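The values are calculated or read from the model by the stated rules, or taken from the named source; none is laboratory data. Computed from a predicted model, the values in this text were never measured in an experiment. FYI the Cβ positions are ideal-geometry reconstructions off the backbone, even for glycines, and counts take in every protein chain you see. Surface areas here come from the heavy atoms of the whole protein model, side chains and all, with no ligands, DNA or RNA. Shrake-Rupley method; radii C 1.70, N 1.55, O 1.52, S 1.80 Å.
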Amino acid sequence: MLVGNIKELIPQMLELDNEKLYELKEVKKKRTLDQNSYYWLLLNKLAKKLKIPSAELHFELIKKSCPFEEYLVPEASNLRALEYYEERNKIEKNGKEFKVIRVYVGSSLLDTSEMGILLDNLIDECKLQGIETLPPYELEKMRSLERSK
């Protein structure tokens, strides 16, 4: 695997086998521990205030905030291995029944900017419920630390 900035990668790439295909993708920084800790602290406060399970609230925020993909699966499929998904609708194709499912990326797989969106949506919900959150300058400090890592 090659990792580096564009100026470091080009000379290395010129040495690769010309007959093979390669995939180049941007490396994104994973969510930070600070983001994750603050998210769960606020989530538990909000769940307690709303008197709903934190897992249920977490899934609602994921549906509102996180990337997703949709798949067509046979009607009788057992989807227990999927953590965050919802059935959207059912269709018939070639005489067979299928369900359309939307699979969401879980918070543990988010990069820092995606986690920032999830956290911002949670903060908005907390403010609506009168739950105190970090002041804007503290949130910005956390974000600037994330960007510099």
Task: Simple label model, 7 Å out from Cα along Cβ direction - LEU134 to ASN78, nm - done: 4.3 nm
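Determine the order of GLU125, GLU19, GLU69 by accessible area, beginning with the largest, at a probe radius of 1.4 Å. Walk me through the numbers before you get to the answer.
Details: GLU125 60, GLU19 160, GLU69 105 Å².
Highest to lowest solvent-accessible surface, that is GLU19, GLU69, GLU125.
Select from the stretch 31-69 those trypsin sites (Lys or Arg not before Pro) which occupy a DSSP coil region and have at most 14 other Cβ atoms within 10 Å, ordered by residue number.
Numbers: sites: ARG31, LYS45, LYS48, LYS49, LYS51, LYS63, LYS64; in loops: ARG31, LYS51.
Hits after loop and neighbour filter: LYS51.
What relative contact order, as a whole-number percentage, does the chain give when Cα pairs under 8 Å and 6 or more residues apart are counted? Walk me through the numbers before you get to the answer.
Values: 141 pairs, mean separation 39.9, N = 149.
Computed value for the chain: 27 percent relative contact order.
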Task: Quotient of C-alpha Rg and 2.2 N^0.38 Å, computed over the chain - done: 1.39
Task: Förster radius 30 Å - calculated FRET efficiency between MET13 and ASP111 (Cβ-Cβ, nearest 0.05) - done: 0.80
Task: Surface accessible to a 1.4 Å probe, per residue, for the residues of the chain, Å² - done: 73 Å²
